[in-house]
Amino acid sequence: MFNVLLRIALASLQRRLARSLLVIVMIAMSLWGLLAMEGLYDGMTEQVIDNAIRSDSGDISIYGQGFRLDPGLHHLIDNGAEISTLLHRDARVKSHVLRLRQDGLIATAHYSRNATLMAVDLAAEDRHGRLASYLVEGDYDFGEKGRGALVGFRLADKMKLKVGDKIVLSAQNSSNEVAALALRVSGILKTNNMALDESAVYIDLARGRDMLMVPEGVSQISILLHDRQEVMAVRQKLQAELGNLDVRSWDELYPALMQGREMMAIFNLITSLLVFCVAGLGIFGVMLVSVLERLREFGIMLAIGTTFAEIRFMVFAESFILGLSGYLVGSLLGGLTLFYFYRYGLDLTMFSAGLDAFGMDTVTYALIRPGYFGTALAAVSGATLLSVLLPLRILRKARPMQAINRI
Amino acid sequence: MIFIHFALRNIRAYAVRSLVTILLLSLTTAMLVFATAFMDGSHDKMLSNAVEIYPGYIQITHPDFRAKPSLDNLIFDVEAVARAVAATPGIAAAAPRFETFVLFAADEKAVGGMLSGIDFAAERRLSRLASSRTTGRYPEDGDGNQLYLGYELARRLQVEVGDELAFVGTGADYSFAADNLEVVGIFRTGLFDFDATAAFVGKDYFDGVMAATNYATHFIVQPEDPHAADQVTAALNERLGRHYVAESWRTTMEGLVQAMLVDSIFGYLTLAVIFVVIFFVVLIYTWLTVFARMREIGVLRAVGTRPGQILQMLVAESALLALAGVVLGGMIGAGLAWYFHLHPITLAMSEEVFKQYGLAASSMPTTFAPLIILRDMAMMFVLAVLSTLYPIIKANRVKPIEAIHHV
């Protein structure tokens, strides 16, 4: 019987083919737009977060107690080697790096500016957060004698620095004296982490220790995990074991990025709700007319023994076929669009100045999450089912049996 | 006139369809009007905040200063520039500034920052420095080594009002410059980076200690009407000749201007997805009502009504519905724009996000621009009528005999 009802439902949709196609196209277009928008916006947000994690915070960072409020050489982590051993033993930890940092001044023969000295091990940084992938000019190298420096691209732009230019870094050392170091720019980094691009000067860790007179001790230990879901568990464990240090997850260090992610989720949800409500209204109109114009047909069916439940099933089936067809076409188009932008990215180089101001990459790669398609299927199903409730109620009240006698 | 009469009758006869169409168009128009007002308003607020806090609407520099901001490319005749500015109409205030980066040292802390020599009296009209004071007092010209310090910089240096600190830097003649300063006031603009690096002394004192008499890195100009900044810039360039160049905020803050443009583009793309669905629904509803009246159309054709006349009747009907929806939606959108223009929207959740991007704004007023609202309404009206044309034209092409027998 259900096969017969399904065939009748299909025949009804075919009879009003243009109308049915319009509804399918409407659902497909809305889904296509929503999926593309969601994947691209999420991709944009996650890229910004990923840049911050890779270039600075890691999934978790450890600081000396009080360092974040008062960054200086008197709030260092003294037992870096011990913590390294501890982290090596934890299978959840993918990598970690040790950094020494101090605020100071960068100067050329003509100009000077405030800067943040980042004394690092370049090879370890590359293994950790792929720092070398952020290089836009020059070499990812401090040179044989460690006299090179990598400079953030915004700082380089403001100082009009080029690869090979001589710079002088000055900063307070651990004896509270002002120490200076002459270096040459060996490369320029664009991490799209605004704070780093604006002020970071990466120098060799050993040379930084000499300059700042810090033979041991580090300012920050940045940790990356194999699975980001483990952040809270690892953070709690580390905090318990290193009670005198400040252990922070990336979202505590970059609350604005977390808020940005939450805002984007709310924005996507509101847009999706709005679109599916309106699409539901479109399906409702078609189903209402479809039911009303077939009152006599339904009356005859009831007269020959079809139950109202079977008619209800038929109307639901019509609505569901429309919704499912639209969903399949929309998902296919949306999926293909997302795959294209996942693979090749959306190139917004023409707006690079604006994207740089927001710390965003000029090429945005879309995300493809199975959840997009699952949520869309639930939303389309919900919209198609809800949109036939009122037409069915009207159908029941209209007494189709009596409609047989109407002209 | 008769077509309007018929159209009105049909609108009443298909009340549900008419109501849904009007409501959908109202919603769409209200959304567009409000979204435009919100985007324009929030962007204006962010830009005006960013411009007015310190950078100013127009800057005059040596032609090579932007490309190479060295001490060789200063304004070496401040008085000549001041005379050119004074002779240019449309200018409310102007003053020279000299910005340089130095190392500040206080007790056990040393931090790099920007030390600027400014005209404190003139800055009251050029920037928001005076109104951003949190503690102490706003200095006056002739105060000597009295320092007006950014809140975050004061925190990093661990100094308060009344404390002394020293600076080390390079004078305008490349000489070594150093002196002791006394903190008399602390300001907080809300722009984290600015508050973390900026400090100000009187230009008269600065000129003496930095050997910068009659020199400036740039001149800041406040036009009487900020919207006329580009015209005033052009007039200034005519007077300044080739020795100096005036640039409006659109050039000096190109990144931020472009960032707002990118934000608008993504905003309109999202609206476009919603609008596509809404116009599909309008199209579907028009389709349903036009084809429901196919027999009526056939009879009208059979009694001699020309296709053009039927087209006029149906288009008049769509236009009236579109007009009603657009006017209602425009009024709702305009009402919201007006209300939130007077009572700005507070985005407490976004405060951290804005701070991260250097945008000191947590409350966003919408703009209320009647001409823009009318433009949006006209656009929605045209789109709404266009979206109904396909079913109208298609129905009008059916032969009278087929139309009469249409089921």
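Numbers for the structure displayed
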read-out: Selected residue (only one of A:Gly371, A:Gly335 is surrounded by 17 or more Cβ atoms within 10 Å (Cβ to Cβ), small (Gly, Ala, Ser) and assigned to a helix (DSSP H, G or I)); value: A:Gly335
read-out: Condition check for A:Val247: of a type in the set (A, V, I, L, M), more than 9 Å from every other protein chain (Cβ to nearest Cβ) and outside any helix (DSSP H, G or I); value: yes
read-out: Qualifying positions in the stretch A:349-364 - more than 7 Å from chain B (Cβ to nearest Cβ) and hydrophobic (A, V, I, L, M, F, W, C); value: A:Met350, A:Met360, A:Val363
read-out: Single residue of A:Glu230, A:Glu252, A:Glu262 found to be within 25 Å of the chain's Cα centre (by Cα), in a helix (DSSP H, G or I), acidic (Asp, Glu) and assigned by TED's automatic domain parsing to the domain that holds A:Arg101; value: A:Glu230
read-out: Leading residue by the ranking (nearest to the other protein chains (Cβ to nearest Cβ)) among those in the stretch A:111-169 that are in contact with a Gly (Cβ under 9 Å, 6 or more places away or on another chain) and hydroxyl-bearing (Ser, Thr, Tyr); value: A:Ser112
read-out: Residues located in the stretch B:283-328, provided they are charged (D, E, K, R), in a helix (DSSP H, G or I) and either touching a residue at least 12 places away in the same chain (Cβ under 8 Å) or at the interface with another protein chain (Cβ under 10 Å from one of its Cβ atoms) (or both); value: B:Arg295, B:Arg301, B:Glu317
read-out: Among residues of the stretch A:170-205, those that are in a strand (DSSP E or B) and away from every other protein chain (no Cβ under 14 Å), counted; value: 11
read-out: Test: residue in the stretch A:111-129 that is closer than 20 Å to B:Phe104 by Cα, in the same structural domain as A:Pro215 (by TED's automatic domain parsing) and in a loop (DSSP other than H, G, I, E, B); value: yes
read-out: Residue check for B:Ala259: modelled with pLDDT of 85 or more and either surrounded by fewer than 17 Cβ atoms within 10 Å (Cβ to Cβ) or in a helix (DSSP H, G or I) (or both); value: no
read-out: Meets criteria (closer than 19 Å to A:Ser95 by Cβ and surrounded by fewer than 14 Cβ atoms within 10 Å (Cβ to Cβ)) for A:Gln229; value: yes
read-out: Residue check for B:Phe280: more than 7 Å from chain A (Cβ to nearest Cβ), at pLDDT 80 or above and closer than 24 Å to A:Met29 by Cα; value: no
read-out: Residue ID - surrounded by the fewest Cβ atoms within 10 Å (Cβ to Cβ), chosen from residues in the stretch A:1-43 that are within 11 Å of another protein chain (Cβ to nearest Cβ) and out of contact with any helix residue (DSSP H, G or I) (no Cβ under 8 Å at 6 or more places or on another chain); value: A:Arg15
read-out: Condition broken by B:Thr213, with the remaining ones in (1) assigned to a helix (DSSP H, G or I); (2) surrounded by fewer than 17 Cβ atoms within 10 Å (Cβ to Cβ) satisfied; value: (1)
read-out: Count - residues of the stretch B:1-19 that are of a type in the set (A, V, I, L, M, F, W, C), in contact (Cβ under 8 Å) with a residue 12 or more places away in the chain and either surrounded by fewer than 21 Cβ atoms within 10 Å (Cβ to Cβ) or not in a helix (DSSP H, G or I) (or both); value: 5
read-out: The listed residue being touching a residue at least 40 places away in the same chain (Cβ under 8 Å), part of a helix (DSSP H, G or I), of a type in the set (Ser, Thr, Tyr) and within 14 Å of chain B (Cβ to nearest Cβ), out of A:Ser325, A:Ser387; value: A:Ser387
read-out: Restricting the stretch B:311-334 to residues that are more than 12 Å from B:Leu374 (Cα to Cα) and of a type outside the set (A, V, I, L, M), the residue that is surrounded by the fewest Cβ atoms within 10 Å (Cβ to Cβ); value: B:Gln312
read-out: Check on B:Val257, within 14 Å of chain A (Cβ to nearest Cβ), out of contact with any Lys or Arg (no Cβ under 6 Å at 6 or more places or on another chain) and of a type in the set (Val, Ile, Thr); value: no
read-out: All positions within the stretch A:50-73 that are more than 21 Å from the chain's Cα centre (by Cα) and in contact (Cβ under 8 Å) with a residue 12 or more places away in the chain; value: A:Ile62, A:Tyr63, A:Gly64, A:Gln65, A:Gly66, A:Phe67, A:Arg68, A:Pro71, A:Gly72, A:Leu73
read-out: Criterion (touching a Phe, Trp or Tyr at 6+ places or on another chain (Cβ under 8 Å), part of a helix (DSSP H, G or I) and farther than 20 Å from A:Asp59 by Cβ) met by exactly one of A:Gly208, A:Gly282; value: A:Gly282
read-out: Scope the stretch A:134-148; condition buried (at least 21 other Cβ atoms within 10 Å of the Cβ) and either over 31 Å from the mean Cα position of the chain (by Cα) or under 22 Å from B:Phe104 (Cα atoms) (or both); matching residues; value: A:Phe142, A:Gly148
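Let's see how each residue does on (1) within 30 Å of A:Leu35 (Cα to Cα); (2) surrounded by fewer than 17 Cβ atoms within 10 Å (Cβ to Cβ); (3) touching a residue at least 24 places away in the same chain (Cβ under 8 Å); (4) touching an Asp or Glu at 6+ places or on another chain (Cβ under 8 Å):
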| position | (1), (2), (3), (4) |
| --- | --- |
| A:Gly187 | no, no, yes, yes |
| A:Glu198 | no, no, yes, yes |
| A:Arg207 | no, no, yes, no |
| A:Glu216 | no, yes, yes, yes |
| A:Gly243 | no, yes, no, no |
| A:Asp251 | yes, no, no, no |
| A:Leu257 | yes, no, yes, yes |
| A:Glu262 | yes, yes, no, no |
| A:Ala265 | yes, yes, no, no |
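Residue-wise test of (1) assigned to a helix (DSSP H, G or I); (2) touching a Pro at 6+ places or on another chain (Cβ under 9 Å); (3) in contact (Cβ under 8 Å) with a residue 24 or more places away in the chain.
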{"position": "B:Gly56", "(1), (2), (3)": "no, no, yes"}
{"position": "B:Asp64", "(1), (2), (3)": "no, no, no"}
{"position": "B:Arg83", "(1), (2), (3)": "yes, no, no"}
{"position": "B:Thr88", "(1), (2), (3)": "no, no, yes"}
{"position": "B:Ala94", "(1), (2), (3)": "no, no, yes"}
{"position": "B:Arg97", "(1), (2), (3)": "no, no, yes"}
{"position": "B:Thr100", "(1), (2), (3)": "no, no, yes"}
{"position": "B:Leu103", "(1), (2), (3)": "no, no, yes"}
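To keep it simple, each residue is scored yes or no on (1) within 14 Å of chain A (Cβ to nearest Cβ); (2) in contact (Cβ under 8 Å) with a residue 12 or more places away in the chain; (3) of a type outside the set (S, T, N, Q).
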site	(1), (2), (3)
B:Arg125	no, yes, yes
B:Pro139	no, yes, yes
B:Thr170	yes, yes, no
B:Asn180	no, yes, no
B:Val184	no, yes, yes
B:Gly202	no, yes, yes
B:Tyr205	no, yes, yes
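The values are calculated or read from the model by the stated rules, or taken from the named source; none is laboratory data. Everything numeric in this text was worked out from a predicted model, so none of it was measured. Every residue, glycine among them, receives a Cβ derived from its backbone with ideal geometry; neighbour counts consider all protein chains shown.
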